[in-house]
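The values are calculated or read from the model by the stated rules, or taken from the named source; none is laboratory data. The structure displayed is predicted, hence computed values, not measured ones. Reconstructed Cβ throughout: ideal geometry from the backbone, glycine too, with neighbour counts over all protein chains shown. Surface accessibility is based on the protein's heavy atoms, side chains included, excluding ligands, DNA and RNA. Shrake-Rupley method; radii C 1.70, N 1.55, O 1.52, S 1.80 Å.
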Amino acid sequence: MRGALLGLSVSLALCCCVLGWDGGVEGQDTTGVQTQVRQAGPVEHGIEWEEEREDIMMDDPGVEEIKPKKKKSIEEVEAARAKKAAEKEAKAKKQKANKAPKAPKPTKKPKATKAPKKLKATKAPKTTKAPKATKAPKTTKAPKATKAPKATKAPKVTKPKATKASKTTAWKEEGVKPVTRRPSLEEDEEKLLIELGWDRLDSRPSGHTPLSAGSKTLTEHGQDYWDTKLDRERTTTEVIMYVSEETTVPWYEEYDYADLAAKQLEEEAEKARKEKEKKVKQLRKKWEEEEEERLRKIPVHAEPKKCPPLGLESHRVDDDQLLASSQSHHGFSAQRGRLNMQSSGNEEGVYGGAWCAEPEEKNHWFEVDARREVEFTGVIVQGRNSDTAEDFVSTFYVSFSNDSRDWMVLHDGYAEWLFYGNVDRDSPVMVQFDWPTVARYIRVLPQSWNGSLCLRVEVMACQLTSSFRSENEVNPTDNLDFRHHNYKDMRQMMKVINEECPNITRIYNIGKSSAGLKMYAMEISDNPGEHQTGEPEFRYTAGLHGNEALGRELLLLLMQFMCKEYNENNPRVRRLVEGVRIHLVPSLNPDAYELAYEMGSEMGNWGLGHWTEEGYDIFQNFPDLNSVLWGAEDRGWVPRIVPNHHIPLPENFLNGSVALETKAIINWMERTPFVLGANLQGGEKVVAYPFDMQRPPKATGTLGSRRELRPGVNHEMNEETWARMQRQNGDALRETSDDTMFRWLAMSYAHSHLTMTETQRGSCHTDDISGGQGIINRASWKPVVGSMNDFSYLHTNCFELSVFLGCDKFPHESELPLEWENNREALLSFIEQVHRGIKGIVRDMEGKPLANATISVDGVKHDVKTAAAGDYWRLLNPGEYRVTARVDGHTLQTRLCIVGYDSGATPCSFTLAKSNWDRIKQIMVLHGKRPIRLVTKAPPRVGSDISGGSVGSVDATKTGATGGMGGTSANSHNAERLRRLRLMRLRKMHQQRLRYNFSTTTPVATTTTTVAPTTTAELETESTTSWYDSWFPVESSYTEPTPAEVFTEIQESEPTQDYTFEYKFEDY
């Protein structure tokens, strides 16, 4: 009874504590939590052991006999119970962590595992605490305290307890439920004991008889049990002593947050670190799996790396970088193994069209030294350039080395990689490696071939990143569009430039190609669309051959450059724009370029895209005016019958085999008064000037007259005779009348180019052809008939040259910046040469411009004509020149013009007076354009009219027009004297005619007919027409004297006797 009463009192106290715990449980001290965890284990295990002990005592009063068994079962039960308690506490920890304010408690609960260790050290008599275990049935009231969370936790904990204690009774199962609630009740009990004081608890034996009786019962079991209880209570007391006893202090001020916060931060950091490491490992593993999957999906032969050519075709690779195993003979060395290398035409000459190996050799290879490590990505192979042989390599290996001794053949993973080469001699074939190979040396190892083993090669390689610059690495100073443009891109580019600079640019087309594509041109001038008087016209053309793409891109870059620099107020560009009307035509053969563009920069052969769609070579599709001029010169018809300039087109030429592009270019030339121009081509690096056609030598005889050819005699010459005549005549068969001027123009471009005069390595396909100057006469190099340059010189006023920009006709895009830097200064400098020489305007006495007036220069057998506005430009080197201007219906005028070395053309204008030659032509028309015959037996009377027209009447008319002496009676004396002077002149002409007939020399044809030179610097004479000069084969024909000469001659002449004779114009 005493034990029951004691248990009842304690349970009531605990209920009160529970009711007060609802508000203060959240504010428990950490130390208290640790104490609760320590006590939870022993209390639970003590209760379980007490229950078993009560069962045993009910069956058998002898407790001492079964003590060993109870101790053994207690240890086993305690270990199991401790493990289960730890698991339950871990679960409770998770649940309480989700319920927020009680989060600190679950973090300390895993320490409950320390309880079994203490229990192992205790003794069995501890089971005498059974009276306290009687509180368990009353703890079922705890759910009545309306603590829903604790009530929900109890069923979850009892389920595993019931399964473990299946051998026990239902009463035991009910006793298990308080066990799960007991840790919290013990905590409440300990808190209550702290509030009541430990002394009161110690005085319980004296105040309550049940407690003393219980103590007697406990003492009967020994002191060990009580020692353990006291030790545990003492430790509990020591821990609880840290809690303040003042109940008035708020609970949140009793916490010592320092240790709790630090430990919590450490635990959270450790947990975060572990989670982060775990997450990193998971992500790394996932990434590796994805990468492996991606690599498995990527095919081995996806897209090889694309690199530009190393430079065999463009000659950036020097001759000493090429080596071969052998050569068939001198003309087929390793240096001839460049892509698109052209032969000299002689199969056995010293300039072969490929590298050819010695057939008796066993191992054949062609080696290229890059001079430093590069990434090789492929090779291009081509057969031999020949008109007769069909030699090419069909299969080959490729090997690499870094020291030229140890070589590694390219392997495909199973065996040495055998590449397939050409199937014809001209078409290039590219083979690309699946992965780039870094090395310095590369070799092509031919394995099979057709005909002889001959090969031409280009190597594709990328430069490695390095601090050293190479030829492929160029940093252009101009921000331009360095890429190849097809027809659509070109048109778009020109449109963009026109929109950026609308005040100085204009786009127009000069015609259409055979496929209907327009040939666009861009005009750059301060007044686009209109010819300004005194402003010269200049042109650059490109794309005559579609596969020569470098000139096309340079002109597009020049458009961008001039527009950009003009907007930035570049003074040099502004002078050019304001002083010259510039025309740029980037593509004269757009159809062929599209074909070459589709094949790519390195895959088109030497002839692909060279001709138009109809098969014409535009550059050689112009009329042959050279033969017309040279034939007239041989007959002495120049300049009286055939002029030396503006030679008309042959009849029905435009109806013959002429390309549509050629017709459009001719019309463009005729309607625009160009002064200077150049066409940009490729395949060589040199500037070629006219004549492009070589003049055939005279067949036989010293006079070169065709009338001296005897019938039946073979006049064909062998090679020795031809070579001898070439040495004798020198350059006379190839030069123009303006040869010195053409040479200067050519040198102005070549010497402004950065590399064109570097000819020590030779030309592209042979040795140096320019003598170190970078210029050459086309007729002495590769003569052609009907070229654009010769036609421009003989049919218009324009001086045109051919600029060959490089060995590679279609360079790679990566080489465009370098080529622009090489040609930029030359392009601008050549335009400036249009101001070299003289310029002026030819007007009449009223100030009106005279179109189509002829401008002649003494010593130069080539004239020019004035434009529609009467202005002209004559390119001349520095010096003094006698310049004559003549036009029908006006008297000619001669001036002395001096050309200096300063920039800018020298002004030299003319003002011409009208003459009476129009009246003479009218009289000649009345007589059917026949010579006038006059028979005079007696001197006609002054002022008399002779029927049919007489010389006297003509003279009277002329003198009346010039000297003001008419046929009136007042001037009869002067008229008589003039008639006598005329007769004297006719007699003198007759004597000259006789001397001319007896002479053995050939008459020299002259350009103009002038009077005897005088001391005046400016002479005015009257021009004669070709139909009149043809009557007199002598050098000097009759010219009308000036009034001053008439009066001077009259005063100095002596009177002569009149003779009656008959004279005719045919006799003179």
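Some points to look at:
- Accessible-area rank, largest first, for Arg506, Arg443: Arg506, Arg443, with all protein chains present and a 1.4 angstrom probe.
- Intensity falloff of region 769-816 expressed as log10 I(q)/I(0), Debye formula with alpha-carbon point scatterers, at q = 0.29 Å⁻¹: -1.11
- Theoretical FRET efficiency, 1/(1+(r/R0)^6), r = Cβ-Cβ of Ile507 and Glu390, R0 41 Å, to 0.05: 0.30
- Highest to lowest packing among 304-311, 685-692, scored as the average C-beta count within 10 Å: 685-692, 304-311
- Near-label residues of region 416-440 by backbone N, under 14 Å of a point 7 Å along Cα→Cβ of Asp403: 440
- Length gained on full extension, Asp481 to Glu499: 4.9 nm, using 0.36 nm per residue less the C-alpha separation.
- For the pair Gln760 and Ser657 in one chain, pulling the backbone fully straight at 0.36 nm per residue adds 32.9 nm over the alpha carbon distance.
- Region 365-383 and region 587-602: distance between their alpha carbon centers, rounded to Å: 26
- Using only alpha carbons, region 535-580 has a radius of gyration to Kirkwood radius ratio (Rg to Rh) of 1.07.
- Here each label is just a point 7 Å from Cα along the line to Cβ, and for Glu614 and Glu275 those points are 8.3 nm apart.
- Derived scalar couplings between HN and Hα for region 529-534 equal x, 9, 7, 9, 4, x Hz in order, rounded to whole Hz, by the Karplus curve 6.51 cos²θ - 1.76 cosθ + 1.60 (θ = phi - 60°), x for Gly and Pro.
- Electrostatic tally near Glu288: other residues with Cβ closer than 13 Å to its Cβ, Lys and Arg +1, Asp and Glu -1, net +1.
- Summarising the label geometry, the points placed 7 Å from Cα in the beta-carbon direction at Glu598 and Leu265 lie 7.6 nm from one another.
- In this structure, Arg982 and Leu649 have a Cβ-Cβ separation that, at R0 = 51 Å, corresponds to a calculated FRET efficiency of about 0.75.
- Taking all C-alpha pairs of region 371-500, those more than 18 Å from each other amount to 66 percent.
- Which of Pro428, Tyr441, His364, positive extreme of dipole for region 328-475 (C-beta unit charges): Tyr441
- Cut-off under 5 Å, modelled amide H: who pairs with Val317 long-range: Leu312
- Computed from phi, the 3J(HN,Hα) profile of region 313-327 under the Karplus parametrisation 6.51, -1.76, 1.60 (θ = phi - 60°) reads 5, 7, 6, 6, 8, 6, 5, 6, 8, 10, 8, 9, 5, 6, 8 Hz, with x in place of Gly and Pro.
- Stretched out straight at 0.36 nm per residue, the stretch from Glu416 to Glu75 would grow longer than its current Cα-Cα span by 114.9 nm.
- Stokes-Einstein diffusion coefficient of region 791-856, Kirkwood radius over Cα pairs, 25 °C, 0.890 mPa s, in µm²/s: 153
- Ser344 long-range amide H proximity, modeled H, under 5 Å: Tyr351
- Residue-level accessible surface for Thr796, protein heavy atoms, 1.4 Å, Å²: 10
- Positive minus negative residues near Gly529 (Lys, Arg vs Asp, Glu; Cβ under 14 Å): -2
- Summarising the amide proton neighbourhood of Leu801: residues at separation of 5 or more, or on other chains, whose placed amide H is nearer than 5 Å comprise Gly677, Ala678, Asn679.
- Modelled FRET efficiency - R0 51 Å, Arg993 with Asp739, Cβ distances, 0.05 increments: 0.90
- Protection-proxy order for peptides 742-750, 385-393, each taking the mean of Cβ atoms within 10 Å per residue, highest first: 742-750, 385-393
- Note on region 770-904: dipole from Cβ charges, positive end direction compared against Ile841, Gly900, Phe810; the farthest Cα belongs to Ile841.
- At q = 0.24, 0.25, 0.26, 0.28 Å⁻¹ the log10 of I(q)/I(0) for region 303-368 amounts to -1.03, -1.08, -1.13, -1.22, computed by Debye summation with a single uniform scatterer per C-alpha, solvent ignored.
- Each residue of region 664-680 was assigned a 3J(HN,Hα) from its phi angle through the Karplus expression (A = 6.51, B = -1.76, C = 1.60, θ = phi - 60°), giving 5, 5, 5, 4, 5, 5, 6, 8, 10, x, 5, 10, 9, x, 8, 10, 8 Hz with x at Gly and Pro.
- Take 564-575, 534-545 and order them by the average number of nearby Cβ atoms within 10 Å per residue, most first; the result is 534-545, 564-575.
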